[in-house]
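Undergrad: Quick one: structure below, then a few questions.
The values are calculated or read from the model by the stated rules, or taken from the named source; none is laboratory data. No experiment lies behind these values; they were computed from the predicted model shown. Ideal geometry is used to build each Cβ from the backbone, glycine not excepted, and the neighbour counts take in all protein chains shown. Only protein heavy atoms, including side chains, enter the accessible area calculation; ligands, DNA and RNA are left aside. Shrake-Rupley method; radii C 1.70, N 1.55, O 1.52, S 1.80 Å.
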Amino acid sequence: ERTMSVNSEVVHCYERLATLTAQMLALSRQEEWGELPGLETLCAALVQRLKEIEPETELNSEQRDTVRNSLISVRRDQEEVIRLVKPQLRQLLTGIASLQAQASLGKAYGGSH
C-alpha cells in the first residue's frame, strides 16, 4: 500500500509541475514577471520531493505515460518561458549596468552618495 501511495504521489508531483509551468507560461505571455519567482519556488519544492520519493517507485504503464506526458508539457512550457524571459533579463542587466556606471561616475566626480 505504501508503494501505491508513493507512486500516486510521484504522478501527482509531475502533474502539478506541468500545471505550474503552464501557469508560468501564461504569466510570461502577460508579462507578469513578478509572479514567476513564487511559482518557481513551488516547482523547486516539487522537484526536491521527487528526488526523495522517486527512487523507491516502480510506476505501472499508465502512470509512466502520465509522467511522460507531464514531462513533455513541462519541457515545452519551460522552453517558451525561457524564450520570453531572456529579453527581460537582458533589459534588467543593461539597466543595472547603467546604474552601476552612474554610481561609479558619481563617486569619481564627487557626486552625492
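Undergrad: Are there any pairs, at least 6 apart or on different chains, whose C-beta atoms fall under 9 Å, with the first in the stretch 32-54 and at negative phi and the second of a type in the set (Gly, Ala, Ser) and part of a helix (DSSP H, G or I), and if so, which?
TA: GLU32/ALA26; LEU36/SER28
Undergrad: May I ask you to list the residues in the stretch 1-26 that are of a type in the set (Lys, Arg) and surrounded by 12 or more Cβ atoms within 10 Å (Cβ to Cβ)? Break it down stepwise before answering.
TA: Keep residues of the stretch 1-26 that are of a type in the set (Lys, Arg), which gives 2, 16.
Residue satisfying the conditions is ARG16 alone.
Undergrad: Also, I was wondering about something else. For the stretch 93-104: of the residues being open to solvent by less than 100 Å² (accessible area, probe 1.4 Å) and hydrophobic (A, V, I, L, M, F, W, C), which is nearest to the chain's Cα centre (by Cα)? Give the steps one after another, and end with the answer.
TA: Going through the stretch 93-104, the residues open to solvent by less than 100 Å² (accessible area, probe 1.4 Å) turn out to be 94-98, 101, 103-104.
Among the residues that remain, those that are also hydrophobic (A, V, I, L, M, F, W, C) are: 96-97, 101, 103.
Details: ILE96: 23, ALA97: 25, ALA101: 31, ALA103: 33 Å.
In this case the residue turns out to be ILE96.
Undergrad: How many residues are in a helix (DSSP H, G or I) and of a type in the set (S, T, N, Q) if we restrict to the stretch 24-43?
TA: 2
Undergrad: Within the stretch 51-66, is even one residue in contact with a Phe, Trp or Tyr (Cβ under 8 Å, 6 or more places away or on another chain) and at pLDDT 95 or above?
TA: Scanning the stretch 51-66 turns up at least one residue that is in contact with a Phe, Trp or Tyr (Cβ under 8 Å, 6 or more places away or on another chain) and at pLDDT 95 or above.
Undergrad: Considering each of ARG75, ARG49, ARG29 in turn, give the residue that is open to solvent by 80 Å² or more (accessible area, probe 1.4 Å) and in contact with a Cys (Cβ under 7 Å, 6 or more places away or on another chain).
TA: ARG49 is the lone residue from the list that is open to solvent by 80 Å² or more (accessible area, probe 1.4 Å) and in contact with a Cys (Cβ under 7 Å, 6 or more places away or on another chain).
Undergrad: Name the residues in the stretch 53-79 that are farther than 16 Å from LEU17 by Cβ and among the polar types (S, T, N, Q), would you?
TA: Passing the criteria: ASN60, SER61.
Undergrad: So, one more: Answer yes if at least one residue in the stretch 58-76 is of a type outside the set (Asp, Glu), in a helix (DSSP H, G or I) and more than 30 Å from SER5 (Cα to Cα), and no otherwise. I'd like the intermediate steps shown before the answer.
TA: Taking the stretch 58-76 as the starting set, the residues that turn out to be of a type outside the set (Asp, Glu) are 59-61, 63-64, 66-76.
Those left that are additionally in a helix (DSSP H, G or I): 61, 63-64, 66-76.
Adding the requirement that they be more than 30 Å from SER5 (Cα to Cα) leaves none.
Scanning the stretch 58-76 turns up no residue that is of a type outside the set (Asp, Glu), in a helix (DSSP H, G or I) and more than 30 Å from SER5 (Cα to Cα).
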